[in-house]
């Protein structure tokens, strides 16, 4: 019993540390709250809020900048002349300049430039991320089975009119309140990301749903590998913090019938003065 109490105490402390790290991340200069707008470049496009000239050609975004534009890469290297910022599906670097930073995102066949402002109003208004209390009971055993062939499923997204074909590595099975769920999580940052909704969604937690990450286990196709879903670390998707994020929505099979009273719930904002 003492061992169990000690383990749960350590888990709660780790969870509190995770919550603080989340808070720091979302209010950061390039955090979710700092995303203030998205621009859609064409040929030699210039935007009042962004230095330099931006163009799309050959399935890539190009930036042309002068020394006076004051643009530099994350490691401090100045951007002078022409720079290929993004090509195809590859992640784009963050570019920094006086008053903010920017990166390129792809949405279908379009490229957009996301601008981050460390002085964004949303950061000033932010109070906290509300969360359910930690509960060890929401460590849910599951199995992950890797697909033998490349597989995609259609995910609806916040800012898309049509579902988006999304690569999924395998099948995640788990049981909550006696009901089995068979889900197809995507990959995010090298980990499995389960996009889910539950009976709290739109009531006491964010509408339309939440995300939870778990490590992608080493496995062979068809092998059911035990994993654990820690719903205490369910978190609000980026679109909860800025309308410029294009988040995936929970597929029908990812809707848990009962209340998952674990993880982040909603954003608390400061009272108006």
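The values are calculated or read from the model by the stated rules, or taken from the named source; none is laboratory data. In this text the structure is predicted, and so the values were computed from the model without any measurement. Don't worry about glycine lacking a Cβ; one is built from the backbone with ideal geometry, like all the others, and counts go over all protein chains shown.
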Taking the condition of being over 16 Å from residue 233 (Cβ atoms), in a strand (DSSP E or B) and touching a residue at least 40 places away in the same chain (Cβ under 8 Å), how many residues in the stretch 178-200 meet it? 6
I'm trying to understand the selection: among the residues of the stretch 19-44, which are farther than 15 Å from residue 116 by Cβ and surrounded by fewer than 16 Cβ atoms within 10 Å (Cβ to Cβ)? 20, 21, 23, 24, 40, 42, 43, 44
Got a sec? Which of 175, 152, 145 is more than 22 Å from residue 226 (Cα to Cα), part of a strand (DSSP E or B) and in the same structural domain as residue 219 (by TED's automatic domain parsing)? 152
Whether any residue in the stretch 188-200 is under 20 Å from residue 251 (Cα atoms) and out of contact with any strand residue (DSSP E or B) (no Cβ under 8 Å at 6 or more places or on another chain) is what I want to check. yes
Please find, within the stretch 64-111, the residue that is surrounded by the most Cβ atoms within 10 Å (Cβ to Cβ) out of those that are more than 26 Å from the chain's Cα centre (by Cα) and part of a strand (DSSP E or B). 65
Only residues in the stretch 72-87 that are under 12 Å from residue 51 (Cβ atoms) and not assigned by TED's automatic domain parsing to the domain that holds residue 55 count as the first member; pair them with residues that are assigned to a strand (DSSP E or B) and modelled with pLDDT of 95 or more, Cβ under 6 angstrom, at least 6 apart or cross-chain, and list the lot. none
Kindly list, by first and then second residue, each pair from a residue in the stretch 5-31 that is assigned to a helix (DSSP H, G or I) to a residue that is loosely packed, with under 11 Cβ neighbours inside 10 Å, limited to pairs with Cβ atoms under 7 Å and residues at least 6 apart or on different chains. none
Out of all the residues in the stretch 124-142, is one or more crowded, with 19+ Cβ neighbours inside 10 Å, out of contact with any strand residue (DSSP E or B) (no Cβ under 8 Å at 6 or more places or on another chain) and part of a helix (DSSP H, G or I)? no
So, of the residues in the stretch 201-224 that are part of a strand (DSSP E or B) and touching a helix residue (DSSP H, G or I) at 6+ places or on another chain (Cβ under 8 Å), which turns out to be nearest to residue 249 (Cα to Cα)? 212
Going by the conditions given, is residue 51 assigned to a loop (DSSP other than H, G, I, E, B), in contact (Cβ under 8 Å) with a residue 24 or more places away in the chain and outside the structural domain of residue 240 (by TED's automatic domain parsing)? no
Residues of the stretch 112-123 classified as surrounded by 14 or more Cβ atoms within 10 Å (Cβ to Cβ), touching a strand residue (DSSP E or B) at 6+ places or on another chain (Cβ under 9 Å) and either on the phi > 0 side of the Ramachandran plot or not in a strand (DSSP E or B) (or both), total: 4
So which residues in the stretch 47-63 are within 18 Å of residue 118 (Cβ to Cβ), surrounded by 15 or more Cβ atoms within 10 Å (Cβ to Cβ) and within 25 Å of the chain's Cα centre (by Cα)? 50
Applying the selection to the stretch 155-172, what residues are over 17 Å from the mean Cα position of the chain (by Cα) and part of a strand (DSSP E or B)? 165, 169, 170, 171, 172
